[in-house]
Amino acid sequence: MNQIAQTSAPQAEPPYLRGLNPPQREAVLTTDGPVLIIAGAGTGKTAALTARLAHLIFTKKAWPSEILSVTFTNKAAREMRERVGRLVGDAVEGMPWLGTFHAIAAKMLRRHAELVGLQSNFTILDTDDQLRLLKQLILAADIDEKRFPTRSLAGLIDQWKNKGLVPADIDAGESERYANGRGGELYQQYQARLIALNACDFGDLLLHMLVILKTHRDVLAQYQQRFKYIMVDEYQDTNSSQYLWLRLLAQERKNIACVGDDDQSIYSWRGAQVENILKFERDFPGAKVIRLEQNYRSTPHILGAASGVIANNGGRLGKQLWTERDVGEKVKVIGVWDGPEEARRVGEEIDIVRRSGKSLDEVAILVRAQHQTREFEDRFIAIGMPYKIVGGFRFYERAEIRDALAYLRVVNQPADDLAFERIVNVPKRGLGDKAVARIHQLARATGTPLTTAAARILDTDELTGAAKKSLGRLVGDIARWRDMATSLPHAELARQLLDESGYTAMYQAEKSVEATGRLENLSELVRAMEEYDSLGAFLEHVSLVMDNEGGAQDPQVTIMTIHAAKGLEYDTVFLVGWEEGLFPSQRSLDEGGVKSLEEERRLAYVAITRARRLAVIIHAANRRIYGQWNSSIPSRFVAELPAEHIDTETTMSGGASLWQANWSDRADPFADVARGTGRGPGWQRASGTGSTFSTKPARVVESRSSAISLGNKGRDDLSLGMRVFHQKFGYGTIAEIEGNKLEIDFEQSGRKRVMDSFVTLG
C-alpha cells in the first residue's frame, strides 16, 4: 500500500483522510496499479473518490492536468470538482480532464479533428438536427418513413456507436435491422453527410476518438504519457465504446481506478454492459479489489432485504453490506386487492408519515413504468396530497397523452380549435403549414370552427391533391367518431380512435424503449377513462387535474421510476406494483430471458436501497387491463425477500402466504425463464375472490410485448378466408387478422384495414 509522502517533521493527518473507514482509506492510498473499488449502495464511494483525487494532488504524485477523472453526468462532475476544491483549494482549477465521457472526448476530438476528416470547429448536432438529417437520407433512398421511422434508424445507429462500430463493421445481419437490409448503407451515408457538414452527433465524440486512438499510435502514446492516473466513476454503466476507450488509455501505465457496483447496473437499454466491471481483473491482471461494504444510509433490515434479493443473481463480484445503524423497522410487504386500493393505501400510509411530523420531501414512490404514476396522481389530487414527478412530466402533461386528449376533445367539442390544431398533422398527414394556414384563413373569414372550415375547404381548389385527400380522411374520421360516441362506450371509442387515426401505429413502428413507454401510457389513459360515466366527465376531470398545481416550495411526495431514483435516497420509500409481468417486466423477460431477469433483480436491489428508514413493498392481486380484470401474483422478488427482514400484511385472508408457497414449491424456480418461456415460477397461480382464495389457475397478466396495441383481442367467430360484409366497403374476404384489426380484400373497394367490430358475417 502506498503511504503519504513523509517530511522531516511530523505532520497532522491530511483533512481528506479524516472520517474515512479502513476500506475507504485503502481505496485512497492505493494509488499505483489497477484498482477496482466495489462500492455498495450508500457506502460513501463519492467521499472515497474525492479523497483519492485530493491525495494524488496533495502528495504531488501527479499534477492536476495529469489526472483523467471521468464521470457520467455533469452534475457528478460539478460535485466532484467542488468537493476536491474544498480539500485542495485552487489546484482543482488545473484539472482540465475532469468531466463526463462526452465532454472529455469532445475536448480531445477538437485537437485531432482533421484525423477523421473534420475541422476543429465542428458542430455537435442535437437530437432534432440528427433526426432531420436522417429523414432527408431516408426520403432520398425512397424508403417509406411511416413503415421505417426515422427514430428507429437513429436508435439503431446510436446502438452501433455505443458498441464502437463504424459503418465498415456493420454486417448483413446488423444491416437487416432496418428497412430490409439497408441500415448499414444509410449509416454510411449519414456519417459521410456529417463529415461534409463538419458535424458529429454525441455518439461520434467517443467513436471518432476511438478510431483515432486505434489508428494513430502517436496520438495514443501522447495521451498514455499525459495521464499518469485514470479514475472512473459508475464503471458498471460503461458501454463498449467507453470501455474500449478507457482500456486503450490505461494500457501503458495501468494506473486506473474504477469505482462501481455490479449490483447497480441497470442501464443495458442504453448500451451499458455489466460485463465490463465483471471482467476488470481479467483486463488488468493483478488488480487490487477493494470492497466498500459499510452502509451509512439504511437500516439493517433494509440492507438484509436487498441483499437477500440480489443474492439470487449469478456471476456477481460479491459483497456483504452492513451498518452500525439501529435495526429499525422491518420492510413492509403489503398485498392489496387492486390498483385503486394500492393508491388509497399509499395515500393513507403517507398521511400517517405527515401526521407524525415528518416532511413529505422525505417520502418517495418508485414505479417500474411511467404509466403507473397516473393512479397515484389522481388519488393525490383527490385527497389534496402535494406531489411532484421527477425525471418526467405529470401523466396528463406527457406529449402522447396531450395528443390523445386533443383527439377526444375534438370529438367531444367541434369548436375546440386548439385541439384540432394539435392533431391535424399528428401523425404526419402531409398537411404542412401552408395548408393549415389556409384552413385558418377560411375559418376567420366565415366565423366558423377549424373543423367546419376544414370540411368546407374540401369543396374548393385551395389545397393540393395529396393534402386535400389526407384532410378529407381526417374530416371524415372525426365525423364518424362523433357518430360512434353516441353509442359506443367512451373508453372503447378512445381505443378505436387511437388505432384508426394511425396514432398507435406511429409508436408501434418506432420499436424503441421510449415508444413502448408512450404506448403503455396510452393504454393507461384508456383504462382511466373507464372510471368515468362519459367522455365529457373524463375531460372535465383532466382539466381540473391539469389546473391543480401546489406551491413549488411546499413539501411534496416524490413520484419517479426506479431508474430515475438511482443515486437518491429518502427516509420512506413505497415500492409499488411488485407483480409478475409488471416487475419484473414481462417484456424484459420475453426479450432477454435470464440476462434481463438479472437486470430486473438489480433494479429491485436499487429500489430497496433508496430507503433510509422504511421501505414498503406493495403488490395487487388484480389489475385492470383494457377493460378486463386480470389476476396477478406477487413479483418473484417478493418471494426472495428473507423472512427475518420483512413484515407481511395482506387485505386478503391468507393471500400472501399462499402466493409465497406457490413460488417456493418448485425445485428449479427459474427453469421456465431458462427455457426461454419468460414465465418464471408460479405461473399457475392462486386467484383472489373476496376474502377467500381458490387454487384455480387465474388469468395471466398479458405480456407487455402483446399489450402494445390499444385494441381489444379479436373476435372468436372470424378466421382467414371468411367472407364478411362492411357497411361502407361491401363484401370482402379476410386476408389478415391482427388482434381486432382486419385486412380485407373487398370485392369493390380493394384491400382495406378495418376494425372487426364493423363487419358482419357475409
* **For the chain, with +1 on Lys and Arg beta carbons and -1 on Asp and Glu, the positive-most of VAL333, VAL410, VAL116 along the dipole** => VAL116
* To do: State the percentage of accessible surface on the chain attributable to carbon and sulfur atoms; use a 1.4 Å probe and exclude ligands, DNA and RNA.
  => 49 percent
* Structure fact -> Taking the reciprocal of mean 1/r across every pair of different Cα atoms in the range 1-138, the Kirkwood radius in Å is 17.6 Å
* To do: Note the per residue figure in Å³ for the convex hull of the C-alpha positions in the range 377-416.
  => 83 Å³
* Structure fact -> Out of LEU153, GLN191, MET484 - ranked by how far each Cα lies towards the positive end of the dipole of the chain, with unit charges on the beta-carbon of charged residues - the top one is GLN191
* What number, in nm² with one decimal, is the all-direction average of the projected area of the convex hull of the alpha-carbon atoms of the range 419-560? -> 11.6 nm²
* Which length gain, in nm to one decimal place, applies between GLU736 and ARG18 when the Cα-Cα distance is subtracted from 0.36 nm times their residue separation? -> 251.3 nm
* Asked: Just for the Cα atoms in the range 163-222, what are the lengths along the principal axes, largest first, rounded to whole Å?
  -> 43, 25, 15
* Cα-Cα separations in the range 481-534 greater than 18 Å, expressed as whole percent -> 36 percent
* Structure shown: which of LYS161/LYS566; LYS228/LYS319; LYS288/LYS388; LYS75/LYS254; LYS214/LYS279 lie over 32 Å apart, alpha-carbon to alpha-carbon? -> LYS288/LYS388
* To do: Work out the FRET efficiency for GLU185 and ALA537 from their Cβ-Cβ distance, taking R0 = 60 Å, and round it to the nearest 0.05.
  => 0.70
* Measuring from label point to label point, each 7 Å out along Cα→Cβ, what is the ILE195 to ARG253 span in nm? -> 3.3 nm
* Rg/Rg_ref, the range 302-375, where Rg_ref = 2.2 N^0.38 Å and atoms are Cα -> 1.42
* Would you mind telling me the antiparallel percentage of the DSSP bridges in the chain, rounded to 5? => 35 percent
* Structure fact -> Packing-ranked peptide list from 557-563, 617-623, 472-478, 748-754, highest mean Cβ count within 10 angstrom first, is 617-623, 557-563, 472-478, 748-754
* **Compactness index (Cα Rg / 2.2 N^0.38 Å), the chain** => 1.06
* To do: Place a +1 charge on the Cβ of each Lys and Arg in the range 180-250 and a -1 charge on the Cβ of each Asp and Glu, then give the dipole magnitude about the Cα centre in debye, rounded to the nearest 20.
  => 300 debye
* Structure fact -> Per residue, accessible area of the chain with a 1.4 Å probe, heavy atoms of protein chains only, in Å², comes to 43 Å²
* Structure fact -> Across 5 Å bins beginning at 0, the whole-percent shares of Cα-Cα pair distances in the range 102-217 come to 2, 11, 24, 23, 20, 11, 6, 2, 0
* Once you put a point 7 Å from the Cα of SER487 and another 7 Å from the Cα of ILE352, both along the Cβ direction, what distance in nm separates them? -> 5.2 nm
* Asked: Measuring from centroid to centroid over Cα atoms, what is the spacing of the range 240-309 and the range 444-506 in Å?
  -> 54 Å
* To do: Amide H neighbours of ILE334 under 5 Å, at least 5 residues apart or on other chains, H built in the peptide plane: list them.
  => ILE617, ILE618, HIS619, GLU649
* Paired Rg and Dmax values of the range 551-615, which use every Cα atom, in angstrom -> 13.8, 45
* To do: Give the Cα extents of the range 158-279 along the principal axes, in whole Å, largest first.
  => 45, 37, 22
* Structure fact -> What the 5 Å binned alpha carbon P(r) of the range 267-329 shows, as percent of pairs per bin from 0, is 3, 14, 18, 19, 18, 15, 8, 4, 1
* Quick one: which of 344-352, 179-187 comes out on top by average Cβ neighbours within 10 Å, and what's the full order, highest first? -> 179-187, 344-352
* To do: Just grab the label-to-label distance for ARG344 and GLU281, each label 7 Å out from Cα along the Cβ direction, in nm (one decimal).
  => 5.3 nm
* Structure fact -> Rounded to the nearest 500, the 222 nm mean residue ellipticity computed for the chain from DSSP H runs (n ≥ 4, each -39500 (n - 2.57)) alone is -13500 deg cm²/dmol
* **Spin-label proximity, ASP171 to the range 204-243 - amide N less than 20 Å from point 7 Å beyond Cα toward beta carbon** => 240-241
* Structure fact -> Looks like the range 46-118, by Cα gyration tensor root eigenvalues a ≥ b ≥ c and the a/c under 1.5 rounded cutoff (else prolate when a/b is bigger than b/c, oblate otherwise), is prolate
* Asked: Given +1 on the Cβ of Lys and Arg, -1 on the Cβ of Asp and Glu, and no further charges, what dipole in debye does the range 482-566 carry about its Cα centre, rounded to the nearest 20?
  -> 340 debye
* So what's the gap between the Cα centers of the range 399-430 and the range 565-624, to the nearest angstrom? -> 35 Å
* Semi-axes of the equivalent ellipsoid for the range 337-429, Cα gyration tensor, largest first, Å -> 34, 13, 12
* **Efficiency of FRET from Cβ geometry, ALA382 and VAL327, R₀ 25 Å, rounded to 0.05** => 0.10
* Give the calculated FRET efficiency between GLN553 and THR760 to the nearest 0.05, with a Förster radius of 56 Å applied to their Cβ-Cβ distance. => 0.40
* Structure fact -> Any aspartates and glutamates whose Cα falls less than 16 Å from that of LYS511, other than same-chain ones fewer than 8 residues away, would be ASP144, GLU145, ASP158, GLU174, GLU176, GLU400, GLU520, ASP590, GLU591
* Cα centroid distance between the range 732-762 and the range 54-119, in Å? -> 62 Å
* Jot down the radius of gyration and Dmax of the range 224-284, Cα atoms only, both in angstrom. => 11.4, 35
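The values are calculated or read from the model by the stated rules, or taken from the named source; none is laboratory data. What you see is a predicted model, and the numbers here were worked out from it, not measured in a lab. Positions of Cβ are generated from backbone atoms using ideal geometry, with glycine treated the same way; all protein chains shown enter the neighbour counts. Quick note on the areas: whole protein, heavy atoms, side chains included, nothing else; ligands and nucleic acids left out. Shrake-Rupley method; radii C 1.70, N 1.55, O 1.52, S 1.80 Å.
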